[in-house]
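Notes follow once the structure below has been shown.
None of the figures in this text is laboratory data; all of them are computed from the coordinates on show. This structure is a prediction, so every number in the text was calculated from the model and none was measured. Note that each Cβ is placed from the backbone with ideal geometry, even for glycine, and that neighbours are counted across all protein chains shown.
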Amino acid sequence: GAVVSQHPSWVICKSGTSVKIECRSLDFQATTMFWYRQFPKQSLMLMATSNEGSKATYEQGVEKDKFLINHASLTLSTLTVTSAHPEDSSFYICSATPGTGGNQPQHFGDGTRLSIL
Amino acid sequence: GENVEQHPSTLSVQEGDSAVIKCTYSDSASNYFPWYKQELGKRPQLIIDIRSNVGEKKDQRIAVTLNKTAKHFSLHITETQPEDSAVYFCVAGGTSYGKLTFGQGTILTVHP
């Protein structure tokens, strides 16, 4: 149980393109999902907290107009990288947890490797 | 906000030896401390977690300890095997909505 699916797994696109990444909880409902970015040989950095039915909460230094988050249902959150540039190339990964409360295990998607040419 | 420091950044051991990774955190409100293992290009996988009402937890070859007073927690892997080679992350969380703060990671290499 507690499976998180992320799609697509790999994207290569031209500079200036917008890219949408989907994160789905397959067998549980998630009122909160998290989006991380991971550069090569570095740790996971939280970008934003996605809240079902309300605005996302962005971490300091993350441009909310650049990284649009929509959490329209209890099983789906999307991250759209708008007008992507080469510096946005990274590994993007989402996580979610069943239940409420902050001390429950989080389950990660497989990640999306984004390459901007 | 929370800050998690992890050491060492790389750790090389011989098969069968033990490996220890240590972390400190800054936010005394944190009460959940999971450890994740990440293989190259893959998702982080939870290997063990500990909550602040517990000082130590063990699962087969893996054990974690937590010292809330000192804000230290550590991972111990005994009888290491080559398949234990990966990047390990210590994490602090348990506050608002499950937000997690990751340490910098430790690249563990177990030589046969």
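General observations
- All C-alpha pair distances within the protein assembly as shown, sorted into 10 Å bins from zero, spread as 8, 32, 35, 20, 5, 0 percent across the bins.
- √(5λ) per eigenvalue of the Cα gyration tensor, chain A, largest first, Å: 23, 14, 13
- Across chain A: Cys residues that no other cysteine approaches within a C-beta distance under 4.7 Å: A:C13
- Mean Cβ neighbour count within 10 Å, used as a protection proxy, ranking A:4-12, A:33-41 highest first: A:33-41, A:4-12
- Peptide B:73-79 shows a mean partner chain C-beta count of 0 within 10 Å per residue C-beta.
- Chain B: relative contact order in percent, alpha carbon pairs under 8 Å with at least 6 residues between: 37 percent
- Dipole magnitude of the protein assembly as shown, debye to nearest 20 (Cβ charges: Lys/Arg +1, Asp/Glu -1, about Cα centre): 340 debye
- Whole-angstrom gap from segment A:47-89 to segment B:63-112, using each part's C-alpha centre: 28 Å
- Short-range pairs are left out: with C-alpha atoms under 8 Å and at least six residues apart, the relative contact order of chain A is 37 percent.
- Pairs from the table (A:K41/B:K68; B:K42/B:K68; A:K14/B:K37; A:K20/B:K37; A:K41/B:K99; A:K55/B:K71) lying more than 24 angstrom apart at Cα are A:K41/B:K68; B:K42/B:K68; A:K14/B:K37; A:K20/B:K37; A:K55/B:K71.
- A:K66 versus A:W10: modelled label distance in nm, points set 7 Å from Cα along the beta carbon direction: 2.6 nm
- Binned Cα-Cα distance frequencies in segment B:28-112 - 10 Å width, integer %: 17, 50, 28, 5, 0
- Placing +1 on the Cβ of every Lys and Arg and -1 on the Cβ of every Asp and Glu, with no other charges, gives chain A a dipole of roughly 160 debye about its Cα centre.
- Per-residue mean of C-beta atoms belonging to partner chains within 10 Å, peptide A:103-113: 5
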